[in-house]
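Just so it is clear, none of the values below were taken in a lab; they were calculated from the coordinates. Small disclaimer: the values here were computed from a predicted structure and weren't measured. Using ideal geometry, Cβ is built from the backbone for each residue, glycine included, and neighbour counts are taken over all protein chains shown.
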Amino acid sequence: MENVAKTEKKERRAKIKINEDFCKGCGLCVTTCPLQLIKIANHISKKGYFPAEFVDPEGKCTGCALCAIICPDVAIDVFKTKKPAGGEK
Amino acid sequence: MEKRFMTGNEAIGEAAVQAGCRYYFGYPITPQNEIPEYMSKRMPEVGGVFLQAESEIAAIYMVFGASGAGGRVMTSSSSPGISLKQEGISYIAGAELPCVIVNIMRGGPGLGGIQPSQSDYFQATKGGGHGDYRLLVLAPSTVQEAVSLTMEAFDLADKYRNPVMVLGDGYIGQMMEPVVFEKKPQPTLPPKDWAITGAKGRPTKLIKTLYLDPVVLEQRNLILHRKFQEMVKNEVQVENHLTEDAEVIIAAYGTVARIAKTAIQVLRKKGIKAGLIRPITLFPFPSKTFEDITQRVSKILVVEMSLGQMVEDVKLAVCGKVEVHFYGRTGGVVPSYDEIVAETEKLVNKEVQ
Amino acid sequence: MEVIEMEKVFSRPQSLRPVVTHYCPGCGHGITHRLLAEVIDELGIRERTAGVAPVGCSVLLYNYLDVDMYEAAHGRAPAIATGCKRVHPELVVFTYQGDGDLAAIGTAETVHAAARGEKITTIFINNAIYGMTGGQMAPTTLIGQKTTTTPTGRLVERAGFPIRMSEMLATLEGAAYIARVAVSSAKYVIQAKRAIKRAFEAQLKGLGYSLVEVLSQCPTDWHMTPAKATKWVEEKMIAYYPLGEFKVPKEVV
């Protein structure tokens, strides 16, 4: 199940997807994200936890992946916009 | 065939090497130090591995690891060291791994003594470690038999995927006798497709003993149980020595059985027809042999270098049909043949009085 | 909405099975398992790796890591790993152990595997407590730390001092790479991964015994939230168990 907030038409640099089947709501990603784009949700997941959810209405996520790096449950996938062909890597 | 004059300990080591054992892990303890010492020299000669572990506990777990990796592996120790190995032996049996464990028994309990004894019978045959498992236990009586049983032990271990114990005593370990190493044809053994070799091109393998679901664990135990029932059906070895016309039976194993044979010679000269039942496998126990003998003989004298351990299995086997008597020496004291003669005479003359 | 092409830049490593773990929320095991799997993937050694799981919270490691595995008796993993490595020297063999497993019952096996320079790698999870059994004192429990068997806090007169295993093992000639790391925040996790990779590289180069001690938060048995627990690692544990590399072979870059 994806936790991606709705976005505007503005191009996103990056985003994350939090898998509620794996998230245990430990909150480490919440404190880790340098831009505070992750919150603990108000709903309870199928597993009985209050899972984390990605809240990034302004598309600020840089894809630093620190949230994924600290996540003990590998519940976070990180996506970055593909650079245009011929551009810098 | 070349006859070699070797101590039991060395002969056991050489027998293992000839049986294809290429991994030995052990720790020094009297009276079996010659086994690791021999293996430390011999293993490198055949491209095998000798490792003196930091304890008997570490050694048995190295056996666990090497066996789980598919190796033909042995460890050896003496009574107190075998006590240390018990958890590991339970794990090896639980994980259905093959290995050979040699126990050269000494006096106990505790630090005890370094002279021979037979006081680890219970430990070898009735568990030793925790849980519902059995060891196949082979008890040689001569150095030559120690060779043949050690070689057989590896095949039995592979056949049943179970630890097999070669149970000797300090005499067998220390005495020197001429032996021959007969190359026997290898039986067809099941492939070790369960072994840890790296999951290349196949699903991963797991060597474990934890089954938290009791229903599953019961099933696992029943699988093990069926193996032990097969052993009982197929693997009993026993020697009947002059039992056909016997009026009194002496039951003994290992070194005591040799002494008993001398006693029987003396007894027969005195007109007492004594015979010997010598269990060679202590598990599975030759219960049927004892059961059958009750039809012809009404007195059995069990002689052990202990305060009475095998005697209980004899009593179980005869199921109260005949008298079972016991004579034992312990603490490292070895009974002489005339003690056995005197005890047997007492037993036979009881009725006459 | 515009369709934007995005590529996945972070996902579950191949060697870590997509299975929900039984670990508590915030536990350091989950992070360390992932780092281990990432290193195995990056070194391309999954098919020639064998692991030995301990007794402790991570006994079920074999459900999560997709490699051949043994389940060891408490403390005996280094002995089992030794047996395996001596039969298959070409395999990469690792043990994964907690502080009870490695620093209490298994200290002899640990010290001697290191002394022998056994070519295996140990991942040592130090959470200063016995997790699986409900929070008793460990050899690594800090002075004054409350556990179920030190209810008023660990007292030196009764229970002595915590053991710094990494420093001790680094004194052994057979030890090729010994490091202590933490997984309490992303920056430490990144360093931890580097250490784990170096440890495996030491094994691949046949240099001897390698060990990475991972300071881990145990929110449940420390009776803290995961966030507070990570702070406790950084404020209290690192003070007694400094991070760093205590033994580095010249060959490991």
For chain B, modelled as a Gaussian network with Cα springs under 10 Å, which listed residue fluctuates most, B:VAL143, B:VAL216, B:VAL341? B:VAL216
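Shape call for segment C:157-203 from the C-alpha gyration tensor, a ≥ b ≥ c root eigenvalues: rounded (a/c under 1.5), prolate (a/b greater than b/c) or oblate? Mind showing how you got there, number by number?
Values: a/c = 4.63, a/b = 1.29, b/c = 3.60.
It is oblate, given that a/c is not under 1.5 and a/b is not larger than b/c.
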Could you tell me which residue out of B:LEU267, B:ALA58, B:ASN162 lies farthest along the dipole of chain B toward its positive end? Charges go on the beta carbon: Lys and Arg +1, Asp and Glu -1, centred on the Cα centre. B:ASN162
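Could you give the size of the charge dipole of the protein assembly as shown about its Cα centre, using +1 on the Cβ of each K and R and -1 on the Cβ of each D and E, expressed in debye and rounded to the nearest 20? All intermediate terms of the calculation are to be shown ahead of the outcome.
Working: 81 positive and 75 negative charges, 344 e Å.
Computed about the Cα centre, the dipole is about 1660 debye.
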Report, for segment B:240-352, the % of DSSP beta bridges that are antiparallel, rounded to 5. 15 percent
Report the one residue of B:GLY47, B:PRO116, B:ILE35 whose Cα lies farthest in the direction of the positive end of the charge dipole of segment B:4-234 (charges on C-beta: Lys and Arg +1, Asp and Glu -1; origin at the Cα centre). B:GLY47
Taking the dipole about the Cα centre of segment C:186-253, with the C-beta of Lys and Arg at +1 and of Asp and Glu at -1, give me whichever of C:PRO242, C:LEU207, C:ALA229 is farthest to the positive side. C:LEU207
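Students often get this wrong, so check it: of C:LYS146/C:LYS228; A:LYS17/A:LYS46; A:LYS83/C:LYS197, which have C-alpha atoms separated by over 21 Å? Let's see the in-between values first.
Numbers: C:LYS146/C:LYS228 16 Å; A:LYS17/A:LYS46 17 Å; A:LYS83/C:LYS197 29 Å.
From C:LYS146/C:LYS228; A:LYS17/A:LYS46; A:LYS83/C:LYS197, over 21 Å: A:LYS83/C:LYS197.
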Residue-by-residue Karplus 3J(HN,Hα) for segment B:280-286, coefficients 6.51, -1.76, 1.60, Hz, glycine and proline x: 9, 9, 8, 10, x, 7, x
Here, GluC sites (Glu not before Pro) of segment C:1-70 satisfying both criteria (DSSP loop; at most 16 other Cβ within 10 Å) are C:GLU2, C:GLU5
Shape call, segment B:106-201: gyration tensor on alpha carbons, a/c limit 1.5: oblate
Under a cut-off of 16 Å between alpha-carbon atoms, report the aspartates and glutamates in cross-link reach of A:LYS82, not counting same-chain residues fewer than 8 places apart. A:GLU11, C:GLU2, C:GLU5, C:GLU7
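Please give the FRET efficiency for B:LYS288 paired with B:TYR211, using the beta carbon to beta carbon distance and R0 = 30 Å, rounded to the nearest 0.05. List each step's numbers first, then the result.
Numbers: r = 34 Å, r/R0 = 1.14.
The value I calculate is 0.30.
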Work out from phi, with θ = phi - 60° and the Karplus expression 6.51 cos²θ - 1.76 cosθ + 1.60, the ³J(HN,Hα) of each residue of segment B:136-143, listed in order in whole Hz, and give x for Gly and Pro. 7, 10, 10, 10, x, 10, 9, 5
Setting aside same-chain residues fewer than 8 positions from C:LYS8, which aspartates and glutamates have a Cα under 16 Å from its Cα? A:GLU2, A:ASP77, C:GLU38
What nm value, rounded to one decimal, do you get for the distance between B:LEU222 and C:GLU173 when each label is placed 7 Å out toward the C-beta? 5.7 nm
Would you grab the residues whose amide H sits under 5 Å from the one on C:ASN127? Only those 5+ places off in sequence or on another chain, please, with H modelled 1.01 Å from N. C:ASP99, C:SER216
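First check a/c for segment B:240-352, with a ≥ b ≥ c the square roots of the eigenvalues of its C-alpha gyration tensor; if it is under 1.5, answer rounded, and if not, answer prolate when a/b is larger than b/c or oblate otherwise.
Values: a/c = 1.43, a/b = 1.04, b/c = 1.38.
Rounded, since a/c falls under 1.5.
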Built amide H within the under 5 Å cut-off of C:ALA176, gap 5+: C:TYR209, C:SER210
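Give the percent of DSSP beta bridges with both residues in chain C that are antiparallel, rounded to the nearest 5. Spell out each step's value before the answer.
Working: 6 of 32 bridges.
Just about 20 percent of them are antiparallel.
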Ranked list, fewest to most other Cβ atoms within 10 Å of each Cβ, for C:THR220, C:THR95: C:THR220, C:THR95
Cα-Cα longer than 29 Å, checked against B:LYS159/B:LYS299; B:LYS315/B:LYS346; B:LYS233/B:LYS321; B:LYS205/C:LYS193; A:LYS80/C:LYS205, kept in input order, equals B:LYS159/B:LYS299; A:LYS80/C:LYS205
Which ³J(HN,Hα) values, rounded to whole Hz and listed in residue order, are derived for segment C:67-74 from phi using the Karplus coefficients 6.51, -1.76 and 1.60 in 6.51 cos²θ - 1.76 cosθ + 1.60 with θ = phi - 60°, glycine and proline given as x? 9, 4, 9, 10, 9, 8, 7, 4
Going fewest to most other Cβ atoms within 10 Å around each Cβ, C:LYS119, A:LYS80 line up as A:LYS80, C:LYS119
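Placing +1 at every Lys and Arg Cβ and -1 at every Asp and Glu Cβ, with all other atoms neutral, what dipole size does segment C:28-247 have around its Cα centre, in debye to the nearest 20?
Numbers: 23 positive and 21 negative charges, 77 e Å.
Dipole size: approximately 360 debye.
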Which value at 222 nm does chain C reach when only helices count, each DSSP H run of 4 or more adding -39,500 (n - 2.57), with the total divided by all residues and rounded to the nearest 500 deg cm²/dmol? -8500 deg cm²/dmol
What does the charge dipole of segment B:240-352 about its Cα centre add up to, to the nearest 20 debye, if the Cβ of each Lys and Arg holds +1 and the Cβ of each Asp and Glu holds -1? 220 debye
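Given a cut-off of under 8 Å on Cα pairs at least six residues apart, what relative contact order in percent is computed for segment B:240-352? Mind dumping the intermediate values first?
Working: 190 pairs, mean separation 33.2, N = 113.
About 29 percent, as a whole number.
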Go ahead and estimate [θ] at 222 nm for chain B from helices alone: -39,500 (n - 2.57) per DSSP H run with n ≥ 4, summed, over the residue count, rounded to 500. -13000 deg cm²/dmol
